[in-house]
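Some notes on the structure that comes next.
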Amino acid sequence: MEKSNKDFSTLLKMTLIIYTFLSIYTMKNFIEELQWRGMLHDSMPTTEEHLLESMRSAYVGFDPTSDSLHIGNLVPIMLLAHFQRCGHKPIALVGGATGMIGDPSGKSAERNLLDEKTLRHNQEAIKAQLSHFLDFTSDAENAAVLVNNYDWMKEFSFLEFIRDVGKHITVNYMMAKDSVKNRIGSESKEGMSFTEFTYQLVQGYDFLHLYQNNNATLQMGGSDQWGNITTGTELIRRIGGGKGYAITCPLITKSDGSKFGKSEGGNVWLDAKRTSPYKFYQYWLNASDEDAEKYIKIFTFLEKGEIDALILEHKETPHLRLLQKKIGEEVTLLVHGAAAYENAIKASNILFGKSTASDLKSLDEQTFLDVFDGVPLATISTADIEGGLDMIGALSAKTDFLKSNGEARRALKENAISVNKEKVKEDFIISKADLIANKYVLLQRGKKNYFLLHVLD
């Protein structure tokens, strides 16, 4: 399995490198790509013409307040990935300095500030996740670059910053931004600290710095970032004497009104330790038909013709959930690799398809628990298993899964009981050989009634 992951990772990197080289000579219209995918909210005038003239550099900022990105970050990631695939150079900026401040955009309260050590750790983890989508390692002219704004902001004294940068932007200009107005209006209870008020200046300076040092002429982000981005273009005009461009993408919403990227357990993370590949895959599988039509354009690299054909096929047989399955496949492969995707499929089939005891035992503990989240659980001792646990004890006497020993016997006579997905009779004895992840046994009555035995030392 580990070899399979390595092989897939190697293949993915080779594909990205080849694509990167080829893209230089086959530059695509980036704006058109965003438009048909539903990923363009706004752009500055003449941005399209600017991008068609030659290879350009653009950046997107990522908040390093965690050591993992989540699926809410996938849209800006895909912006950069499509940018590179269209022949341009992507720059991923980790906001080490701005992470110490906290972006007020879309926030109603201040966030906790992080120390440098934590931010550096988070930066490396984020780069590893971005590497699934972007080519950082090739010698191609448009290979991706990762930067951290702390590297240039740490050299600034407060007095230097307000003298060299602050004097070029008026308070009136800053207060006109929605991210500020929403926090200092009469309806706001919390207000806004001076720290957060200065955020747009710091982000604006990032754009100026990358314009001057990395030839970045474009900044991209969510639609809530328009104010921060345009502050950057203003600094480029006033200090750099040049022209910066802006592109924003829509903030993703779900058709039922609930927040995209959230599950019952909170954020859906790209880190497998935080969100298992099974749960990750299930999130996409559970998308509504309306959302799936939108997601398959935004979150995959499939071309328009293939997507249109899939949508048509899905509409003819919606019960097969073809769109949802294809999105789940594409995104899970990108984020977690082939082996994890195969395990996610295997885990999904345990509840909804035919599976065996060996399928169950092949799952890691976290995936197994995710699959059977909410299933009634009873605890027994290792001694109970070592001596052999009879079915009456497992179903009733030691667990109370069934109301009585008599009910347990009737269910067994009716051939309605399974242990680890395999039918058993009353004479079956549960032993250590039946343990899943060395500590669980799955009991089942009929098709839908599951019970878990948890064996503790």
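Throughout, read-outs are computed from the coordinates displayed, never taken from laboratory work. Only a predicted model underlies this, so the values are computations on that prediction, with no experimental measurement involved. Here the Cβ positions follow ideal geometry from the backbone for every residue, glycine too, while neighbour counts run over all protein chains shown.
A compact table of results
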{"read-out": "Cα radius of gyration and Dmax for the chain (Å)", "value": "26.7, 87"}
{"read-out": "Whole-Å distance, taken between Cα centres, linking the range 387-457 and the range 48-92", "value": "52 Å"}
{"read-out": "Net charge of neighbours whose Cβ lies under 12 Å from the Cβ of residue 329, counting Lys and Arg as +1 and Asp and Glu as -1", "value": "+1"}
{"read-out": "Viscosity 1.002 mPa s, temperature 20 °C, Stokes-Einstein D of the range 262-354 from Kirkwood C-alpha radius, µm²/s", "value": "157 µm²/s"}
{"read-out": "Whole-number percent relative contact order across the chain, with pairs defined as alpha carbons under 8 Å at least 6 apart", "value": "14 percent"}
{"read-out": "Distance cut-off 19 Å, percentage of C-alpha pairs in the range 154-204 lying past it", "value": "29 percent"}
{"read-out": "Formal net charge of residues neighbouring residue 276 (Cβ-Cβ distance under 12 Å; K, R +1; D, E -1)", "value": "-2"}
{"read-out": "Formal net charge of residues neighbouring residue 209 (Cβ-Cβ distance under 12 Å; K, R +1; D, E -1)", "value": "-4"}
{"read-out": "Order of 280, 401, 136 - criterion: other Cβ atoms within 10 Å of each residue's Cβ, fewest first", "value": "136, 401, 280"}
{"read-out": "MRE, 222 nm, helices only [DSSP H, n ≥ 4, -39500 (n - 2.57), over the chain, to nearest 500]", "value": "-13500 deg cm²/dmol"}
{"read-out": "Under 5 Å, built H, 5+ apart or other chain: amide partners of residue 440", "value": "455"}
{"read-out": "For the range 123-170 versus the range 259-331, the gap between their alpha-carbon centres in whole angstrom", "value": "31 Å"}
{"read-out": "Nearest-ten-degree value, helix 338-352 long axis tilted from longest Cα axis of the chain", "value": "50 degrees"}
{"read-out": "Residue order, fewest to most surrounding Cβ atoms within 10 angstrom, among 126, 298, 311", "value": "311, 298, 126"}
{"read-out": "Least to most buried among 327, 392 (fewest other Cβ within 10 Å first)", "value": "392, 327"}
{"read-out": "Debye-sum result for the range 362-457 in log10 I(q)/I(0), which assumes one identical scatterer on each alpha carbon, at q = 0.21, 0.24, 0.25 Å⁻¹", "value": "-1.06, -1.39, -1.50"}
{"read-out": "For the range 221-227, 3J(HN,Hα) per residue [Karplus equation, 6.51 cos²θ - 1.76 cosθ + 1.60, θ = phi - 60°, Hz, x = Gly/Pro]", "value": "x, x, 4, 6, 9, 4, x"}
{"read-out": "Per-residue HN-Hα couplings for the range 87-97 [Karplus 6.51, -1.76, 1.60; θ = phi - 60°; Hz; x = Gly/Pro]", "value": "x, 9, 9, x, 10, 9, 9, 8, x, x, 6"}
{"read-out": "Under 5 Å, built H, 5+ apart or other chain: amide partners of residue 270", "value": "69, 70, 71"}
{"read-out": "Full-extension gain in nm, residue 193 to residue 438, via 0.36 nm per residue minus C-alpha separation", "value": "82.9 nm"}
